[in-house]
Amino acid sequence: MRKTIRLILAAVLLSMPLGMMAQEENGFTKFDVQEGFTDNGFQWFRDAQLLCAGDATKSNAMTIGWGGIGTLWGRAAMTVYVAEKRYTKQFMDSSDYFTVMSFDVEQSRVLTYMGKNSGRDGDKAAALGLHTAYTKNGTPYYTEATMVIECRKMHAAPLDSKYFCDAVPRNMYSDFPAGVHTEYIGEVVGAWSKAGKDLSDADGAEKCKNSTISTIMERRSIRKYLDSPVEHKKLEQIALCGINAPSGVNRQPWEVRVVEDPAFITGLTEIYKKENAEQVKRDPGFKNMFRNAPNIICVATPKGSGELDAGMLAENMMLAAQSMGLGTCCLGGPVRFLKSNEQCKPYIDRLGFSDGYELLYILAVGYPDEKPAAKPRNADKIKYIK
């Protein structure tokens, strides 16, 4: 029976177009994970990733926030955790390989939907309009991802309460409806990222001549900041640059709140720490829930509209900050936390947004304490109609 199933699966895989099995043909470029993975491993999982397992006949994916990446048994390794009652677990148990995928901030809806909905109720990938492709090992992934890491399972075992050393895991599972997690350790056998022409290395002479282009090309998302707060005059200039963004028929459908009060950030962070104690504990550099930035800018729009205009507002502010030697990071996770936690309501009320306006995003702002390299940009998405 097993031989028959394997023969059928092999036939299915061989019948697929080559483009479905070649990441390079889906806009990806292969890289060495031990050399080219530049993200902070603690922050990477904290940002949430997508775990997928299965085969060409059926697969499922789920959002994960727990995991680790490093070296084990002389191999580049990744560890992920899946709770007993999750639908994805059966696919992890029956598969020899799995993939972990990253998505852009603009695609946060994918992670949100995959985390809130179960594959038992329908095809989540189809509902999101995602396109499934397969590695040469037959491991599923989505072509819309920005990075794909494929792992071969080396170890799988449920966490055992008799080995818990303190109250943190005991309390976690005392009333956890999804059951105890199984730990899966995989050897990284392939890694691909979306990379086209490197636009970050635009013509040097042009960059020297045009300061605007230089500012755009040099901007990075900053996730480490110095403790020094940003001067009021600079924050004021950033906000003014923001509201000078274009908007449809000049509606200006936004409200901007610049937070300079450290007690505001500290108060929200204390709530966050109580709700995410284990996650905070795993991050030795954690200072606050806004990437440790000393200042934040909160932007709201009328519910159900204005998002496009507010996006241009954000870009103006981020570029203005870059031109002043400041760093920024556009945050969606803290917004979801603020909206979902009743204890945060007094802080949202203090922002004083007009009736009908809803918090859309938060910009972390501060003096950078890192100089991250440019992430690959896929220039193949640009087409010229002549």
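The values are calculated or read from the model by the stated rules, or taken from the named source; none is laboratory data. This structure is a prediction, so every number in the text was calculated from the model and none was measured. Counting neighbours? That spans all protein chains shown, and the Cβs are built from the backbone with ideal geometry, glycine included. These area figures cover heavy atoms from the full protein model, side chains too; ligands, DNA and RNA do not enter into them. Shrake-Rupley method; radii C 1.70, N 1.55, O 1.52, S 1.80 Å.
Using the structure shown, decide if I271 is closer than 19 Å to F337 by Cα, open to solvent by less than 70 Å² (accessible area, probe 1.4 Å) and in contact with a strand residue (DSSP E or B) (Cβ under 9 Å, 6 or more places away or on another chain). Write out each step before concluding.
Details: closer than 19 Å to F337 by Cα: yes; open to solvent by less than 70 Å² (accessible area, probe 1.4 Å): yes; in contact with a strand residue (DSSP E or B) (Cβ under 9 Å, 6 or more places away or on another chain): no.
Criteria not met by I271.
Scanning the stretch 352-386 for residues that are among the β-branched types (V, I, T) and either in a strand (DSSP E or B) or on the phi > 0 side of the Ramachandran plot (or both) yields a total of 2. Of A239, A245, all but one fail to be open to solvent by less than 50 Å² (accessible area, probe 1.4 Å), more than 30 Å from F42 (Cβ to Cβ), modelled with pLDDT of 95 or more and assigned to a loop (DSSP other than H, G, I, E, B); the exception is A245. Here H232 passes the criteria (1) at pLDDT below 90; (2) surrounded by fewer than 13 Cβ atoms within 10 Å (Cβ to Cβ) except the one numbered (1).
Only one of (1) in a loop (DSSP other than H, G, I, E, B); (2) in contact (Cβ under 8 Å) with a residue 60 or more places away in the chain fails for N288. Which number is that? N288 satisfies all of (1) in a loop (DSSP other than H, G, I, E, B); (2) in contact (Cβ under 8 Å) with a residue 60 or more places away in the chain except (2). Going through (1) touching a strand residue (DSSP E or B) at 6+ places or on another chain (Cβ under 8 Å); (2) modelled with pLDDT under 95; (3) of a type in the set (S, T, N, Q) one by one, S95 falls short only on (2). If I filter the stretch 330-351 for residues that are under 22 Å from A245 (Cβ atoms), open to solvent by 20 Å² or more (accessible area, probe 1.4 Å), assigned to a strand (DSSP E or B) and touching a Gly at 6+ places or on another chain (Cβ under 8 Å), do I get at least one hit? No: the stretch 330-351 contains no residue that is under 22 Å from A245 (Cβ atoms), open to solvent by 20 Å² or more (accessible area, probe 1.4 Å), assigned to a strand (DSSP E or B) and touching a Gly at 6+ places or on another chain (Cβ under 8 Å). Of all residues in the stretch 274-285, those being buried (at least 16 other Cβ atoms within 10 Å of the Cβ) and in a loop (DSSP other than H, G, I, E, B) number 1.
Exactly one residue out of M154, M147, M172 is out of contact with any helix residue (DSSP H, G or I) (no Cβ under 8 Å at 6 or more places or on another chain) and modelled with pLDDT under 95, and it is M147.
Does I265 satisfy being open to solvent by less than 40 Å² (accessible area, probe 1.4 Å), β-branched (V, I, T) and farther than 26 Å from H232 by Cβ? Working first, answer last.
Values: open to solvent by less than 40 Å² (accessible area, probe 1.4 Å): yes; β-branched (V, I, T): yes; farther than 26 Å from H232 by Cβ: no.
When the stated conditions are applied, I265 does not pass them.
Yes/no per residue for (1) in contact with a Ser or Thr (Cβ under 8 Å, 6 or more places away or on another chain); (2) closer than 29 Å to Y113 by Cβ:
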| position | (1), (2) |
| --- | --- |
| D309 | yes, yes |
| E315 | no, yes |
| L319 | yes, no |
| C329 | yes, yes |
| F353 | no, yes |
| Y367 | yes, no |
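Here's the yes/no breakdown for (1) open to solvent by less than 30 Å² (accessible area, probe 1.4 Å); (2) within 19 Å of the chain's Cα centre (by Cα); (3) not β-branched (V, I, T):
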residue: Y142; (1), (2), (3): yes, yes, yes
residue: A145; (1), (2), (3): yes, yes, yes
residue: P158; (1), (2), (3): no, no, yes
residue: D175; (1), (2), (3): no, no, yes
residue: V180; (1), (2), (3): no, no, no
residue: W192; (1), (2), (3): yes, yes, yes
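It is to be established whether one or more residues within the stretch 327-337 are over 23 Å from F45 (Cα atoms) and of a type outside the set (A, V, I, L, M). Checking the stretch 327-337: not a single residue is over 23 Å from F45 (Cα atoms) and of a type outside the set (A, V, I, L, M). Scoring V80 on the criteria (1) aliphatic (A, V, I, L, M); (2) modelled with pLDDT under 90; (3) within 14 Å of E150 (Cα to Cα) leaves a single failure, condition (2).
Put simply, of L313, L326, L308 the only residue that is among the hydrophobic types (A, V, I, L, M, F, W, C), out of contact with any helix residue (DSSP H, G or I) (no Cβ under 6 Å at 6 or more places or on another chain), open to solvent by less than 60 Å² (accessible area, probe 1.4 Å) and more than 29 Å from W192 (Cα to Cα) is L326. Of the residues in the stretch 259-271, at least one is in contact with a helix residue (DSSP H, G or I) (Cβ under 6 Å, 6 or more places away or on another chain) and modelled with pLDDT of 95 or more. Can you tell me how many residues within the stretch 80-118 are open to solvent by 10 Å² or more (accessible area, probe 1.4 Å), assigned to a helix (DSSP H, G or I) and under 30 Å from P376 (Cβ atoms)? The number of residues fulfilling the criteria is 11.
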